[in-house]
Amino acid sequence: MQVFDYHINPKSKKGLIFKSFYFQPENEREKPLGGLCIIGEFSDSLSKDKKILEDLSHTIKEEYFSDVHKTPIEALKSGLQKGNQYLEELSLQGNVRWLGNLSIAVIAVKDFDIHFSKAGNIKLLLLRSGEYHDIGENLEFQKSSPDKPTQIFSNIASGNLVDKDRIIILTQEVFEFFHLHIAEPISNFPGVTPQILSKLLKDNKSEMKEYSGVMFVIAINKKGRRRRWWPAIKTPLGKKIALIIALILLLLLSYWIFR
């Protein structure tokens, strides 16, 4: 898995804050949990609201990797619960500015399995074989309970990925830019690389000036096995053949020395 992270015009829009994180396992014990990606945007914000995005993301991350015996989906569920608790505590302290202004996506990827949740105006697209699929669409219709507006993470979706899949996460404005200017060119490439993305963004630099936000790409690449160039003899028959060849070579060497 590779991650490409682009922040577009981060200082051009007053009151708009966005952050993205890619958390990887820090040791061998955490490897079964895979990677955790968090992309968030705060509209109509103050400078101090940046800390909300950072604290919320790290709260989810700390809980996600806290129990290595959990499966990724169990870890994600725990992390999102902690995230909801953090936001509820903010509200109890009188800070409710984030309500209606926070958009966030949390994605856990392990090998070819993906689990994710989202809230607000953020898009999750799957690019597979040149076609786009809005994999976050169903979550948009599953709103949190009106009795608990602080519980923004209420549902988790899961799916299976295949080699060459690309998950593209876009904040609100950048989704519009992506849809209008680079979605079609990207779909025509068999693989999306940083070089391709950088070129497309550069080619649309003038159009891009009107938009601000995050384009975050998760590229699924099948890991290739290293092939040994020498033959591996593992069976008993193979061992016998190897011994016979070694004996013949030894006899030939002896004949050459003592002839």
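Residues of region 59-75 being within 18 Å of the chain's Cα centre (by Cα) and hydroxyl-bearing (Ser, Thr, Tyr), which ones? Explain how you work it out, then say what you get.
So in region 59-75, the residues within 18 Å of the chain's Cα centre (by Cα) come out as 59-65, 71-75.
Scanning region 59-75 gives Thr59, Tyr64, Thr71.
Among the residues of region 12-31, which ones are in a loop (DSSP other than H, G, I, E, B) and free of Cβ contacts under 8 Å to residues at least 60 places away in the same chain? Answer for region 12-31, where residues must be in a loop (DSSP other than H, G, I, E, B) and free of Cβ contacts under 8 Å to residues at least 60 places away in the same chain: Lys14, Gly15, Gln24, Pro25, Glu26, Asn27. Strands (runs of 3 or more DSSP E) fully within region 33-141 that include at least 2 residues being surrounded by 15 or more Cβ atoms within 10 Å (Cβ to Cβ): 35-42, 102-110, 113-119, 122-128.
For (1) modelled with pLDDT of 65 or more; (2) surrounded by 15 or more Cβ atoms within 10 Å (Cβ to Cβ); (3) in contact with a helix residue (DSSP H, G or I) (Cβ under 9 Å, 6 or more places away or on another chain), each residue gets a yes or a no:
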residue: Gly191; (1), (2), (3): yes, no, no
residue: Glu210; (1), (2), (3): yes, no, yes
residue: Gly213; (1), (2), (3): yes, yes, yes
residue: Arg226; (1), (2), (3): no, no, no
residue: Ile233; (1), (2), (3): no, no, yes
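Inside region 159-187, can you point out the residues that are part of a helix (DSSP H, G or I) and of a type in the set (S, T, N, Q)?
To start, the set of residues in region 159-187 that are part of a helix (DSSP H, G or I) comprises 172-187.
Once the filter is applied, which keeps residues that are part of a helix (DSSP H, G or I) and of a type in the set (S, T, N, Q), region 159-187 yields Gln172, Ser187.
You will find that of Leu99, Leu92, Leu80, Leu56, the residue that is out of contact with any Lys or Arg (no Cβ under 9 Å at 6 or more places or on another chain) and in contact (Cβ under 8 Å) with a residue 60 or more places away in the chain is Leu80 and no other.
Within region 188-216, take every residue that is part of a loop (DSSP other than H, G, I, E, B) and touching an Asp or Glu at 6+ places or on another chain (Cβ under 9 Å) and give me the one that is farthest from Ile104 (Cα to Cα).
As a first pass, look at region 188-216 and keep what is part of a loop (DSSP other than H, G, I, E, B): 188-193, 204, 209-212.
This time we only want the ones that are touching an Asp or Glu at 6+ places or on another chain (Cβ under 9 Å), so: 210-212.
Details: Glu210: 22, Tyr211: 18, Ser212: 15 Å.
Across region 188-216, the extreme among qualifying residues is Glu210.
Condition check: farther than 23 Å from Ile156 by Cβ, surrounded by 14 or more Cβ atoms within 10 Å (Cβ to Cβ) and among the charged types (D, E, K, R). Does Arg29 satisfy that? Spelling it out, it is not the case that Arg29 is farther than 23 Å from Ile156 by Cβ, surrounded by 14 or more Cβ atoms within 10 Å (Cβ to Cβ) and among the charged types (D, E, K, R).
The values are calculated or read from the model by the stated rules, or taken from the named source; none is laboratory data. Here the structure is a predicted model, which means the values were calculated and not measured. Glycine also receives a Cβ, built like all others from the backbone with ideal geometry; neighbour counts cover every protein chain displayed.
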